[in-house]
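Undergrad: One structure, as structure tokens, below. Some questions next.
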Amino acid sequence: MNWLLFFQWLNNDILALPATIAFLGVALFLTLKTRFLQVRGFRRFMHLLASGVRGKGKFDEQGAKRTINPFHALFASMSTTIGMGSVVGPSVAIMAGGPGALFWLLLYIFLGSATKFAEVTFALSTRTQTPDGRVVGGPMQYLKAVSVVLATWYGVVMIFLFVGWSGLQSNTLATIYAQQGVPLWATGLVLAVLAWIVLQGGAQRVGLVASKLVPFMFCSYIFFSGWILMTNSTAFCDAIVLVAASIFTVSSAVGGCLAATIFQAMRAGMYRGVFITESGLGTSSISHAVADTKKPTDQGLLAMYSSVADLLLSFVSGMLVLVTGVCNYGEFRSTLVFEAFGLYAPAIGQIALLISISLFILTTIIGNSFNGIQSFASLTANRGTRIYQLVTCVIIFFGALMPVPLIWEMMDTILVLVAMPNLLGLVSLSILKPDVLEG
């Protein structure tokens, strides 16, 4: 059986239309429900930044960390979005849906930030403690308030999502290093070992590592990407015009693919927007759920405005592949941004990108693996987490060896299966408990 053709049929002919409508529809609904909190909440967000949200985290009687600083929770969550998704996602969207897909991707990031606000706020308001005093929260907890069936459906599929995501990230980095002559298996092995070491430290170590690496990665990538775009200012302006002209029109073929329809552009942009921000999946709320904060809506605001960084990185990444033209040749692949740096950046820029992407993907794997462990613990009453960690590391290794198109198609299928119960639950909760979103 040709698994690539099967997943392409499943994604394109069965799941694409209902999933795209659901992602966009719920994002619009929650944007209206919160009265455009993306705009209204900015003053409160700046207040939170100025005050530093001085939570230090709480400890149990044995001195083990139960919760973590709100900003460590934010960075642990951002490490899964400001990473491979923001760098690779826009180029993959353009390859699949043409230049217009970048517009739909950016639009979803803006509207979907209201979805993320709701996810994190409900996660904080419904979190619980295990008998040993550890905090467990996230989609499974708030979905239980709607339906045990939805919560179980979500929990089972989400375990596969996090494991698959780690394999996908390993696949991307291994493909990049393969261009430098490094064997695929070597990259997969190093990532698996590093993930295992860091995960033994739990929530505190994940938050600490992510909080130190995310700002460095962000600044380094933006600096060198901006240099490429500014030294090609004419092509930059042309790329913006091309994106605008492709929003509601059939775009020309990209990278040997057939010309993209308007729906293909919308679908590609929406899917990659979900992949980048995790808005609609609920997964980013797991890290936020262990934050030491008294007001759930405050943590929700921090999560919502983290999408600004996603928006900026996604715009820059999309512009890079359009301005440099690397998306106009070759087959579907996930290494376009690295190729753009190889053609246009100075030697130090190429080295900086390689380091940044390596850190991007490592922190994304760490963050997703931590979220997977939290989800698995919630589903199994905190039993067998070490086995799950081991399985995750094994998948990280073997993910590096898989064909690129197949692993992306497989993850798109799992993405939809995870999102559907979460979106249904969010709409139900926002209707049944609207006061929670008001704080």
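The values are calculated or read from the model by the stated rules, or taken from the named source; none is laboratory data. These numbers come from a predicted model, not from an experiment. Note that each Cβ is placed from the backbone with ideal geometry, even for glycine, and that neighbours are counted across all protein chains shown. These area figures cover heavy atoms from the full protein model, side chains too; ligands, DNA and RNA do not enter into them. Shrake-Rupley method; radii C 1.70, N 1.55, O 1.52, S 1.80 Å.
Undergrad: Output the residue which, of all residues in the range 86-128 that are in contact (Cβ under 8 Å) with a residue 40 or more places away in the chain and not in a helix (DSSP H, G or I), is surrounded by the fewest Cβ atoms within 10 Å (Cβ to Cβ).
TA: Arg127
Undergrad: Taking Asn382 as meeting all but one of (1) under 17 Å from the mean Cα position of the chain (by Cα); (2) surrounded by fewer than 19 Cβ atoms within 10 Å (Cβ to Cβ), write down the number of the exception.
TA: Against the list (1) under 17 Å from the mean Cα position of the chain (by Cα); (2) surrounded by fewer than 19 Cβ atoms within 10 Å (Cβ to Cβ), Asn382 comes up short only on (1).
Undergrad: Kindly indicate the residue of the range 386-415 that is open to solvent by less than 30 Å² (accessible area, probe 1.4 Å) and among the β-branched types (Val, Ile, Thr) and also modelled with the lowest pLDDT among those meeting that condition.
TA: Per the criteria, the residue is Val404.
Undergrad: Going through the range 118-151 one residue at a time, which ones are modelled with pLDDT under 90, in contact with a Ser or Thr (Cβ under 7 Å, 6 or more places away or on another chain) and polar (S, T, N, Q)?
TA: Passing the criteria: only Gln141.
Undergrad: Okay, moving on. Of the residues that sit in the range 332-353 and are among the β-branched types (Val, Ile, Thr) and within 20 Å of the chain's Cα centre (by Cα), which one is farthest from Ser225 (Cα to Cα)?
TA: Checked the range 332-353; the qualifying residue farthest from Ser225 (Cα to Cα) is Thr335.
Undergrad: If you go through the range 105-117 one residue at a time, how many are touching a Lys or Arg at 6+ places or on another chain (Cβ under 8 Å) and either among the polar types (S, T, N, Q) or over 19 Å from Thr324 (Cβ atoms) (or both)?
TA: Adding up the residues that qualify gives 1.
Undergrad: Name the pairs: first residue in the range 232-254 and of a type in the set (Asp, Glu), second residue modelled with pLDDT of 85 or more, Cβ to Cβ under 9 Å, at least 6 apart or on different chains?
TA: Qualifying pairs under 9 Å: Asp238/Leu322; Asp238/Val323.
Undergrad: Give just the number: which of (1) more than 20 Å from Ile94 (Cβ to Cβ); (2) touching a residue at least 40 places away in the same chain (Cβ under 8 Å); (3) open to solvent by 10 Å² or more (accessible area, probe 1.4 Å); (4) in contact with a helix residue (DSSP H, G or I) (Cβ under 7 Å, 6 or more places away or on another chain) does Leu354 not satisfy?
TA: In the conditions (1) more than 20 Å from Ile94 (Cβ to Cβ); (2) touching a residue at least 40 places away in the same chain (Cβ under 8 Å); (3) open to solvent by 10 Å² or more (accessible area, probe 1.4 Å); (4) in contact with a helix residue (DSSP H, G or I) (Cβ under 7 Å, 6 or more places away or on another chain), Leu354 misses (4) alone.
Undergrad: Just to verify a result, which residue in the range 416-439, among those that are hydrophobic (A, V, I, L, M, F, W, C) and within 19 Å of the chain's Cα centre (by Cα), is most open to solvent (accessible area, probe 1.4 Å)?
TA: Per the stated criteria, the residue is Leu417.
Undergrad: Let me ask something additional. May I ask you to verify whether Phe341 is in contact with a Phe, Trp or Tyr (Cβ under 9 Å, 6 or more places away or on another chain), under 30 Å from Ala235 (Cα atoms) and open to solvent by 10 Å² or more (accessible area, probe 1.4 Å)?
TA: Values: in contact with a Phe, Trp or Tyr (Cβ under 9 Å, 6 or more places away or on another chain): yes; under 30 Å from Ala235 (Cα atoms): yes; open to solvent by 10 Å² or more (accessible area, probe 1.4 Å): no.
Here the answer is no, as Phe341 does not meet what is asked.
This table checks each residue for (1) acidic (Asp, Glu); (2) open to solvent by 40 Å² or more (accessible area, probe 1.4 Å); (3) at pLDDT below 75.
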position	(1), (2), (3)
Gly181	no, yes, no
Leu189	no, yes, no
Leu194	no, yes, no
Val206	no, no, yes
Leu213	no, yes, yes
Phe216	no, yes, yes
Phe224	no, no, no
Trp227	no, yes, no
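Per-residue answers, yes or no, for (1) modelled with pLDDT of 90 or more; (2) surrounded by 12 or more Cβ atoms within 10 Å (Cβ to Cβ); (3) in contact with a strand residue (DSSP E or B) (Cβ under 6 Å, 6 or more places away or on another chain):
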residue	(1), (2), (3)
Met1	no, no, no
Ala19	yes, yes, no
Val26	yes, yes, no
Leu30	yes, yes, no
Phe45	no, yes, no
Ala64	no, yes, no
Thr67	no, yes, yes
Ala73	no, yes, yes
Ser79	no, yes, no
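Undergrad: Filter the range 362-374 down to the residues that are open to solvent by less than 10 Å² (accessible area, probe 1.4 Å) and more than 17 Å from Leu161 (Cβ to Cβ) and list them by number.
TA: Residue satisfying the conditions is Thr363 alone.
Undergrad: Taking into account only those residues within the range 286-301 that are outside any loop (DSSP other than H, G, I, E, B) and at pLDDT below 85, which is surrounded by the fewest Cβ atoms within 10 Å (Cβ to Cβ)? It would help to see each step written out before you state the result.
TA: Of the residues in the range 286-301, the ones outside any loop (DSSP other than H, G, I, E, B) are 286-288, 291, 296-301.
Applying the additional criterion that residues be at pLDDT below 85 yields 286-288, 291.
On the way: Ile286: 34, Ser287: 32, His288: 29, Ala291: 32.
Across the range 286-301, the extreme among qualifying residues is His288.
Undergrad: Looking at the structure I just gave you, is Ala377 farther than 15 Å from Phe160 by Cβ and in contact (Cβ under 8 Å) with a residue 24 or more places away in the chain?
TA: When the stated conditions are applied, Ala377 passes them.
Undergrad: Would you confirm whether or not the range 243-254 contains a residue that is crowded, with 21+ Cβ neighbours inside 10 Å, at pLDDT 85 or above and in a helix (DSSP H, G or I)?
TA: Yes, the conditions are met somewhere in the range 243-254.
Undergrad: Separate question: Would you mention how many residues in the range 304-338 are hydrophobic (A, V, I, L, M, F, W, C) and open to solvent by 10 Å² or more (accessible area, probe 1.4 Å)?
TA: The first filter runs over the range 304-338 and keeps only residues hydrophobic (A, V, I, L, M, F, W, C), leaving 304, 308-309, 311-313, 315-316, 319-323, 326-327, 332, 336-338.
Right, trim to open to solvent by 10 Å² or more (accessible area, probe 1.4 Å) and you get 308-309, 311-312, 315-316, 322-323, 332, 338.
Total meeting the criteria: 10.
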